[in-house]
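Presented below is the structure to which this report refers.
The values are calculated or read from the model by the stated rules, or taken from the named source; none is laboratory data. In this text, all values refer to a predicted model and were calculated from it rather than measured experimentally. Virtual Cβ from ideal backbone geometry, glycine too; neighbours counted across all protein chains shown.
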Amino acid sequence: MILMFSLVRIVLDQPVGGEERSAYITVVHGTTGARIAESLKKQHIIDTTIGFKLALKITGTAKHIQTGVYYFSTSMRPSAMVRMLRKGSISTIPLTVRPGDWLNDVANNVAQLGIISSDDFIAACRDQSLLHEYGINASTAEGYLYPDTYYLNRDTTAETLVRRLLDHFFTVVNESMRAHFHANGLSLHQAVTLASIVESEVRKEHSYERPLVAGVYLNRLHRNMKLQADPTVLYSLGYHKDRVLLVDLKNKSPYNTYKHKGLPPGPICSPSEYSLKAVAFPAHTDYIYFVAIPYQTRIGAQRSWLPAGSHYFSATYTEHRIAQRRYMYGEEVFF
């Protein structure tokens, strides 16, 4: 009897252990303990369903499972897991929208939470009455899904979620920032579109370059030059990849800024506050070109370092061509 009691305590109180993992599981009416156990195993929260099922049976929880959204992790004891299921403890589910995410990226992440389908989320992002309510003159909410972490519960609808994202966006993009957009000759939609390109061009660790990149693109727009922004080409292709190839530049999409002058029809991702501010307060510069630096290098008479992933900016085509030959093709040329 004592041995049996000891085994029961081990089953109930021994954490799952192993690599730290967590998962959210939605339990609807009729969901069985066996199904929950299989879900936990599939998501590597438990190694075997036996202990979890035994804990459900020992505690009598199998017939008293409450509906809700539950957070499980490998650090939890089976006793805590089943107690939570019996009490009906409901967890909120975090959704993180990252700077640079496409609308489809966000939709896929939403769908993985198991509350809102990708199709329903995209439909809400395309709801014209909703977009017009927020003053968004576009076919979708692409670019207006503000990057941050949001918390959902099992009752969150697609429309409710999109409204939260848009409300946050317009809290950041206030009247003051919009006035600066207009002072730079840009409507709200044009500014968000440009900010999304800046976001896609500049790495997070090189945020100091954002006003410069914004200034370059504004200079090109004012001179009626093509933007020739690689991220717009990738967006026009409809999928992510590491680099743009020459064949990609032939894409006839209106988002391909190598083919068409001016800004693309709309944003290509969710820009961060840094990129939005870069468009509101761009650097005043003569630069109209830049090229990515693939490796750390020294430049100029002062031999200052340019870190990998940053950009070399040029005011003339001749200097830009030299930079391309040096940094894109590895030729031994000097400025």
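I'm trying to understand the selection: among the residues of the range 257-280, which are within 24 Å of the chain's Cα centre (by Cα) and in a loop (DSSP other than H, G, I, E, B)? Those that are within 24 Å of the chain's Cα centre (by Cα) and in a loop (DSSP other than H, G, I, E, B): Thr257, Leu263, Pro264, Pro265, Gly266, Pro267, Ile268, Cys269, Ser270, Pro271, Ser272.
Under the condition of being at pLDDT 95 or above and either in the same structural domain as Phe313 (by TED's automatic domain parsing) or out of contact with any helix residue (DSSP H, G or I) (no Cβ under 8 Å at 6 or more places or on another chain) (or both), which residue from the range 196-218 is surrounded by the fewest Cβ atoms within 10 Å (Cβ to Cβ)? The residue in question is Leu212.
Scanning the range 46-66 for residues that are within 19 Å of Val28 (Cβ to Cβ), part of a helix (DSSP H, G or I) and β-branched (Val, Ile, Thr) yields one hit, Thr61. Of the residues making up the range 182-195, those that are assigned to a helix (DSSP H, G or I) and either in the same structural domain as Val291 (by TED's automatic domain parsing) or not aliphatic (A, V, I, L, M) (or both) are His182, His189, Gln190, Thr193. Val110 meets all of the listed conditions (1) crowded, with 16+ Cβ neighbours inside 10 Å; (2) assigned by TED's automatic domain parsing to the domain that holds Thr48 but one, namely (2). The set of residues from the range 156-170 being assigned to a helix (DSSP H, G or I) and farther than 14 Å from Leu188 by Cα comprises Ala158, Glu159, Thr160, Leu161, Val162, Arg163, Arg164, Leu165, Asp167, His168.
Would it be correct to say that Gly30 is within 30 Å of Leu161 (Cβ to Cβ) and not assigned by TED's automatic domain parsing to the domain that holds Leu152? Against the criterion (within 30 Å of Leu161 (Cβ to Cβ) and not assigned by TED's automatic domain parsing to the domain that holds Leu152), Gly30 qualifies.
Taken as a whole, the condition of being assigned to a loop (DSSP other than H, G, I, E, B), crowded, with 17+ Cβ neighbours inside 10 Å and of a type in the set (A, V, I, L, M, F, W, C) does not apply to Leu221. Look at the range 144-157: where a residue is assigned by TED's automatic domain parsing to the domain that holds Ile25, no partner that is surrounded by 18 or more Cβ atoms within 10 Å (Cβ to Cβ) and part of a loop (DSSP other than H, G, I, E, B) sits 6+ places away or on another chain with Cβ atoms under 6 Å.
Put simply, of Gly88, Gly100 the only residue that is on the phi > 0 side of the Ramachandran plot, surrounded by 14 or more Cβ atoms within 10 Å (Cβ to Cβ) and not basic (Lys, Arg) is Gly100. Might you let me know whether the range 230-242 holds any residue that is over 26 Å from the mean Cα position of the chain (by Cα) and either in a loop (DSSP other than H, G, I, E, B) or not assigned by TED's automatic domain parsing to the domain that holds Gly143 (or both)? No; the residues of the range 230-242 include none that is over 26 Å from the mean Cα position of the chain (by Cα) and either in a loop (DSSP other than H, G, I, E, B) or not assigned by TED's automatic domain parsing to the domain that holds Gly143 (or both). Scanning for something closer than 18 Å to Ala23 by Cα, in contact (Cβ under 8 Å) with a residue 24 or more places away in the chain, among the hydrophobic types (A, V, I, L, M, F, W, C) and part of a strand (DSSP E or B), does the range 105-115 turn up at least one residue? No, the range 105-115 has no match at all.
Checked against (1) touching a helix residue (DSSP H, G or I) at 6+ places or on another chain (Cβ under 9 Å); (2) closer than 23 Å to Phe121 by Cα; (3) crowded, with 19+ Cβ neighbours inside 10 Å, Thr232 passes all but a single condition, namely (2).
Within the option set Thr149, Thr156, Thr193, being β-branched (Val, Ile, Thr) and loosely packed, with under 14 Cβ neighbours inside 10 Å holds for one residue only, Thr149. Here is the figure for the range 244-253: residues that are in contact (Cβ under 8 Å) with a residue 12 or more places away in the chain and in a loop (DSSP other than H, G, I, E, B) total 3. Of all residues in the range 84-104, none satisfies being assigned to a helix (DSSP H, G or I), at pLDDT 90 or above and of a type in the set (Val, Ile, Thr). Would you check if Val11 is surrounded by 15 or more Cβ atoms within 10 Å (Cβ to Cβ) and at pLDDT 90 or above? No: the conditions fail for Val11.
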